[in-house]
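J.: The structure's right below; bear with me while I get my questions together.
The values are calculated or read from the model by the stated rules, or taken from the named source; none is laboratory data. The model shown is predicted, which means the values in this text are computed figures rather than measured ones. No Cβ is skipped: glycine too gets one built from the backbone with ideal geometry, and neighbour counts run over all protein chains shown. For the accessible areas, the whole protein counts, side chains as well, though only heavy atoms, and no ligand, DNA or RNA atoms are used. Shrake-Rupley method; radii C 1.70, N 1.55, O 1.52, S 1.80 Å.
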Amino acid sequence: MDKNAGLKITGAPSLEELHASVCYRLPSKDCNKTLAVIECIEGIPCNPCETACPQHAITIGSEITNIPVVDWDLCTGCGLCVAACPGLAIYLKNYNYNEETSLITFPFEYYPLPEVGQSVTMANRFGEEICVGTVLKVLTLKRNDKTAVISVSYPKEFFEDVITMKRLKRE
Ligand code: SF4
Ligand code: SF4
């Protein structure tokens with residue numbers, strides 16, 4: 001397959017463009033693992049995801065503009081690549097968080113941050129509201145600078161569409 005298939009120049013990628021790319025794979029509905037999903041199809045000169053992964057699960061290769069590819073046999077769902085990506089192009093997903101909901105863990109750089117247990121509005125790649133989710137975890141590590149890593153459960157029917165949450169209003 002062409003390593004740069006799905007190459008896109010500007011804007012958020014559509015699902016059609018993602019499906020044409022070698023970097024984008026979505027965990028299947030019978031998979032119970034939490035796995036890294038990459039939406040980086042622009043062929044930019046960048047590789048922190050590759051160096052951040054302790055399992056060496058992400059490969060870019062000798063050309064720094066290659067599209068990153070993740071090996072799910074090696075991925076442990078640790079999330080280190082999520083905060084390491086300057087393009088906010090990686091998240092973790094698990095279809096089977098429980099009977100009704102899926103899980104997403106995504107980078108978030110807007111304040112205020114949500115609280116655990118809070119209901120939040122989940123959004124797609126274009127910032128459109130999709131559904132309501134429940135915050136499970138908010139990770140703010142010094143080494144991640146100002147990028148928080150947030151885990152949310154949300155209805156399974158929106159598994160692929162959801163990639164982030166809407167910004168919260170300041171009180
Ligand atoms: S989630 Fe962890 S193990 Fe998986 S690709 Fe990212 S850094 Fe590597
Ligand atoms: S760190 Fe992010 S933006 Fe850079 S190559 Fe990896 S996925 Fe793409």
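J.: Taking θ = phi - 60°, what integer Hz values does the Karplus form 6.51 cos²θ - 1.76 cosθ + 1.60 yield along segment 120-135, in sequence order, with x for Gly and Pro?
T.: Per-residue couplings from phi come out as 10, 8, 8, 10, 8, 5, 9, x, 7, 5, 10, 6, 9, x, 10, 6 Hz.
J.: I've got another one for you. Quick one, what does Rg over Rh come out to for the chain if you take C-alpha atoms and the Kirkwood Rh?
T.: Radius of gyration over Kirkwood radius for the chain works out to 0.94.
J.: For L141 and L113, calculate 0.36 nm times their separation in residues minus their Cα-Cα distance, and state this gained length in nm to one decimal.
T.: Values: separation 28, 0.36 × 28 = 10.08 nm, distance 1.33 nm.
Gain on extension, L141 to L113, equals 8.7 nm.
J.: OK, next. Which one, P68, A57, V120, is farthest towards the positive end of the dipole of the chain when Lys and Arg carry +1 and Asp and Glu -1 on their Cβ?
T.: Highest projection toward the positive end goes to V120.
J.: Expected output is a single nm value to one decimal: the length gained when fully extending between S14 and N32, i.e. 0.36 nm times separation in residues minus the C-alpha distance. What is it?
T.: Gain in length upon complete extension: 3.9 nm.
J.: Right, another one. How large is the charge dipole for segment 15-165, taken about the Cα centre, if only the Cβ atoms of Lys, Arg (+1) and Asp, Glu (-1) carry charge, to the nearest 20 debye? Provide the component values of the computation, followed by the final result.
T.: Working: 10 positive and 19 negative charges, 111 e Å.
The dipole of segment 15-165 has a size of about 540 debye.
J.: Related question: Taking springs between alpha-carbon atoms closer than 10 angstrom, which of I150, I38, I130 fluctuates most in the Gaussian network model of the chain?
T.: Between I150, I38, I130, it is I130 that shows the largest mean-square fluctuation.
J.: Whenever you get a sec, compute what percent of the accessible area on the chain sits on carbon and sulfur atoms (1.4 Å probe).
T.: Using a 1.4 Å probe with all protein chains present, the chain comes out at 50 percent carbon and sulfur.
J.: Starting from the amide H of T164, placed 1.01 Å from N in the peptide plane, find each other amide H under 5 Å away whose residue is 5 or more places distant or on another chain.
T.: A123
J.: Moving on. Across the chain, how many lysine pairs, 8 or more positions apart or on different chains, have C-alpha atoms separated by under 18 Å? Please give the number.
T.: Taking the chain as the scope, the lysine pair count is 11.
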